[in-house]
1. Would you confirm whether any residue within the stretch A:162-172 is closer than 22 Å to B:R83 by Cα and within 9 Å of chain B (Cβ to nearest Cβ)?
2. Scan the stretch A:47-54 and tell me whether some residue there is open to solvent by less than 30 Å² (accessible area, probe 1.4 Å) and either more than 23 Å from E:E130 (Cα to Cα) or of a type in the set (D, E, K, R) (or both).
3. With C:C73, C:C67 as the choices, which residue is within 18 Å of C:R154 (Cβ to Cβ) and either of a type outside the set (D, E) or surrounded by fewer than 18 Cβ atoms within 10 Å (Cβ to Cβ) (or both)?
4. Yes or no: the stretch D:138-154 includes at least one residue that is open to solvent by 10 Å² or more (accessible area, probe 1.4 Å) and polar (S, T, N, Q).
5. Of everything in the stretch D:104-137, what is among the charged types (D, E, K, R), touching a strand residue (DSSP E or B) at 6+ places or on another chain (Cβ under 7 Å) and open to solvent by less than 40 Å² (accessible area, probe 1.4 Å)? Give them in sequence order.
6. Only one residue in A:R126, A:R137 is at pLDDT 95 or above, farther than 23 Å from B:W24 by Cα and out of contact with any Cys (no Cβ under 8 Å at 6 or more places or on another chain). Which one?
7. Looking at (1) part of a strand (DSSP E or B); (2) open to solvent by 40 Å² or more (accessible area, probe 1.4 Å), find the lone condition where D:D159 falls short.
8. Mind listing whichever residues of the stretch D:39-53 are within 15 Å of the chain's Cα centre (by Cα) and within 16 Å of C:R154 (Cα to Cα)?
Amino acid sequence: MTRKDGVRAARRRVGVADTTFARWDMGGAVADELKGRSGAFDVLRVTVPGIKDLPVACKNLIERDGCDLVVACGYVGGAPIDRECANVADHALQHVQLMTNVHVLGVFVYETEAKDERELAWLCDRRAREHAVNAWRMLFKPEELAAMAGTGQRQGYEDAGPLGVDLREHRARRK
Amino acid sequence: MTRKDGVRAARRRVGVADTTFARWDMGGAVADELKGRSGAFDVLRVTVPGIKDLPVACKNLIERDGCDLVVACGYVGGAPIDRECANVADHALQHVQLMTNVHVLGVFVYETEAKDERELAWLCDRRAREHAVNAWRMLFKPEELAAMAGTGQRQGYEDAGPLGVDLREHRARRK
Amino acid sequence: MTRKDGVRAARRRVGVADTTFARWDMGGAVADELKGRSGAFDVLRVTVPGIKDLPVACKNLIERDGCDLVVACGYVGGAPIDRECANVADHALQHVQLMTNVHVLGVFVYETEAKDERELAWLCDRRAREHAVNAWRMLFKPEELAAMAGTGQRQGYEDAGPLGVDLREHRARRK
Amino acid sequence: MTRKDGVRAARRRVGVADTTFARWDMGGAVADELKGRSGAFDVLRVTVPGIKDLPVACKNLIERDGCDLVVACGYVGGAPIDRECANVADHALQHVQLMTNVHVLGVFVYETEAKDERELAWLCDRRAREHAVNAWRMLFKPEELAAMAGTGQRQGYEDAGPLGVDLREHRARRK
Amino acid sequence: MTRKDGVRAARRRVGVADTTFARWDMGGAVADELKGRSGAFDVLRVTVPGIKDLPVACKNLIERDGCDLVVACGYVGGAPIDRECANVADHALQHVQLMTNVHVLGVFVYETEAKDERELAWLCDRRAREHAVNAWRMLFKPEELAAMAGTGQRQGYEDAGPLGVDLREHRARRK
């Protein structure tokens, strides 16, 4: 397996970045989920203190360590300032991607999403794993994502599913 | 048809990016709307998991795949965090354009805009198609857009139309 | 009239960008206001669908078409999302300026500023014209702007004027 | 006095940018405050229409005119949109600094800070002058700023002062 | 001790930036905490007026002074505008990191976090010291951070700790 441009080595690298702030080992869940998957790739991990330390860590995983895709795991506390920090980090993760032309999949879990610690742990774990699957698909099976366009996929809680509507009676071709 | 700089091939490329998060095949609607239009162009599609994965996908469509214009389809869920994600993606889509000097037309539909699933499906479809028409105009008929300056065009719901006011009695030339 | 660096031609270019979303021909008002003014300059116009399409259009007016200054006309609808779109575009217009070192004067009108359609039309027209005058001043009479520093100028509604306060009794030189 | 890199001339340049929107001559206050100070420097002034025109003006003062530091004076009206404009300009002033590695001290006064026009004029004047002193310190006496670390300095209204607390009983060295 | 790329000198440099606005000597606390730690490194300090002056100061510590990591200490006043300034600075600190590929650890304390001046002083001091330890770990013991992934570490107030949940009964491997 080689890239179209023929420059990089055949073996892919998936970066996983997470934080000591998180209360669940989200990076571990991503790595565990990736482990059993097919395809020639290695997983590189880095752990930083908090969510705002993730972007440059991801950029270094890409530029210094040659990752072809990164999964960035952010855990967002319940205070308004935590939400604001997540937003700052989120904008920066976009910059990382645009500066490198490499995808960084953000796995963000907000403490306020879950009703108790058990659900929170479950959500961290499951969302991390579902994003890990997407990361794998982007590298090895993009056609699987193409087939799911517009089907209401969600990571973590239940999929929303496609809208069950038939527009054929409505639709009039616009000039 | 050749570009002024004479570098690119005569045939244009329109990129279409959408998500598996969306509950309607918005990218499919764009592609379908473009299909019957005149002009020498090809459509390239890519599907990513969510709205925040669109910007770098659009940038790759431009820089790696040579697209002359991209239509980015984002579907925004009803939770406040979904709105925030859309905003993050929206800023990044601006960066993509400014880094490449290529237009990316954003087709964003907010779940909260529609009163039920039928209207939501209709809105996704129609807004996607109307933006597709604008994409086509930008490449092949910019003079049509020029002729519509200030006329209150909308994509999706009904056009607002121009203000029906005559200012001639008011207006005094300012020094 | 030549630029200090002696590189560009003597004749200046003023770009005007507006939208089909606007309900008043703001770009037309800018162009009309500029028409009668002294100085060697040409006006280049472009019309795009919406406010978020303005930034890259302005950048192309500068980088591809050689404009020395651009006036960007944005019309902002009354929904909260319209305001958010305007904010996204506004940030991007800053990036355009910093990437090119060229001024882009933003003429933004918010539907919510006016009490009815007549006032809205009047505001669109007048604000556009007053920004056009400023654009002209920046290129040909910067000393006129210097003379107005701190005088409470407004574009559209009435000038606020300078604060009518004499601080001489107060002011003590700080070490 | 020469810079470490020995490239720039010995004489420093301080840029001052302000607006015609402001209701007080803040740029004039900065220039007046700098005038009597020691050190070899010149002051360059530019006036633009509004706060969102300041960033590129500052960048030009740095890149085109060789300023070693700029003071940017922004006056923020009382409407919510004015606040939003100030925020947009503020982000862009950060970009200017990071693109040039030169400090731009922002002197922002919000109309809502003062209870009447007299206080507003006083605040504009005093904040401008106190930032002017900081600008001068950054260029000629950075050790004065170092000596004030953590001392609760404010520009405009009264200094907050350092927290009058002794932590020695508390503090335990963390491993 | 040398970097992998073998380019930089063996001795590391840690930058510390703080403000005269802060009411506690946070930079001093960082420097004091670093002083006793093992490893070959020097500490470089700079003090600027306010939180929005930190980003370019950090960038200069990295690019001009060769720092391998910077700790940026920001103290946020209680007014809404202070919060907004902190947010602007925070975004810019992200840009600094992405432009340099160097970590900048932000130590932000919000006046509103503490119930009185004593707690505020304690919080400034402790958060600064805990971030200093993280800075040291990032340079000299990244494996310590890796070992703490997902363990709910906090800087300042008490650690949240890991979620005490066992998901093994739940978890079903997803295809």
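1. Yes, the stretch A:162-172 contains a residue that is closer than 22 Å to B:R83 by Cα and within 9 Å of chain B (Cβ to nearest Cβ).
2. yes
3. Of the residues listed, the single one that is within 18 Å of C:R154 (Cβ to Cβ) and either of a type outside the set (D, E) or surrounded by fewer than 18 Cβ atoms within 10 Å (Cβ to Cβ) (or both) is C:C73.
4. Yes: the stretch D:138-154 contains one or more residues that are open to solvent by 10 Å² or more (accessible area, probe 1.4 Å) and polar (S, T, N, Q).
5. Hit for the stretch D:104-137 is D:R127, nothing else.
6. Testing whether each residue is at pLDDT 95 or above, farther than 23 Å from B:W24 by Cα and out of contact with any Cys (no Cβ under 8 Å at 6 or more places or on another chain) leaves just A:R126.
7. The failed condition is (1).
8. The answer is D:I51, and nothing else.
The values are calculated or read from the model by the stated rules, or taken from the named source; none is laboratory data. These figures come from a predicted structure and were not determined experimentally. FYI the Cβ positions are ideal-geometry reconstructions off the backbone, even for glycines, and counts take in every protein chain you see. For accessibility, only protein heavy atoms count, side chains too; no ligands or nucleic acids. Shrake-Rupley method; radii C 1.70, N 1.55, O 1.52, S 1.80 Å.
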